[in-house]
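Report on one structure; see the data block that follows.
The values are calculated or read from the model by the stated rules, or taken from the named source; none is laboratory data. Because the structure is a prediction, the values reported are computed rather than measured. Ideal geometry is used to build each Cβ from the backbone, glycine not excepted, and the neighbour counts take in all protein chains shown.
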Amino acid sequence: MPRYLISFDEGSMTFPAEDLPDVARASMTVVEEARGAGVWVFGGGVQDREPDVVGTDGSVTRGLFPEGKAHVGGFAVVDVPSREEALRWAARIAVACRCAQEVWELMPEPEF
């Protein structure tokens, strides 16, 4: 089955701080439902506010790509039979997290 990355940009969750416990509970409910449905692969929030960028020469720079405007705030990877199914899970996550989600189809793992 295809795998999809469902993600949102850091800063997209703009609800009041006192709503965080409700959002966390709603999000975990969707995660548990996805696990129960057998489609959950992996996911979570992103801890770092500034990533390390490793160049092809091995150099390490702290911060976003120079042309980057935002970075991932959280993500989920689901293994579902169709893009439509991934969009349905993204909609559930969007409601729980109270922010829009991007959906990306991941390339299949190469067979060696």
Output the residue which, of all residues in region 10-60 that are part of a strand (DSSP E or B) and touching an Asp or Glu at 6+ places or on another chain (Cβ under 7 Å), is farthest from Cys97 (Cα to Cα). Val60
Among the numbered conditions (1) closer than 15 Å to Ser7 by Cβ; (2) among the aromatic types (Phe, Trp, Tyr); (3) exposed (fewer than 11 other Cβ atoms within 10 Å of the Cβ), tell me where Phe112 comes up short. (1)
May I ask you to list the residues in region 62-112 that are assigned to a strand (DSSP E or B) and at pLDDT 90 or above? Gly74, Phe75, Ala76, Val77, Val78, Asp79, Glu102, Val103, Trp104, Glu105
Every pair of residues 6+ apart whose Cβ atoms lie under 8 Å, when the first sits in region 7-26 and is more than 24 Å from Val78 (Cβ to Cβ) while the second is of a type outside the set (D, E, K, R): Thr14/Cys99
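Every residue, every condition in (1) among the acidic types (Asp, Glu); (2) modelled with pLDDT under 95, yes or no:
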position: Thr29; (1), (2): no, no
position: Glu32; (1), (2): yes, no
position: Gln47; (1), (2): no, yes
position: Pro51; (1), (2): no, yes
I'd like to know if region 56-69 contains one or more residues that are within 19 Å of the chain's Cα centre (by Cα), loosely packed, with under 10 Cβ neighbours inside 10 Å and under 15 Å from Trp104 (Cα atoms). no
Failed item in (1) acidic (Asp, Glu); (2) more than 19 Å from Glu84 (Cα to Cα); (3) surrounded by 11 or more Cβ atoms within 10 Å (Cβ to Cβ), with Glu33 passing the rest: (2)
Would you please name the residue that is surrounded by the fewest Cβ atoms within 10 Å (Cβ to Cβ), looking only at residues in region 74-109 that are in contact with a helix residue (DSSP H, G or I) (Cβ under 9 Å, 6 or more places away or on another chain), small (Gly, Ala, Ser) and under 13 Å from Leu5 (Cβ atoms)? Gly74
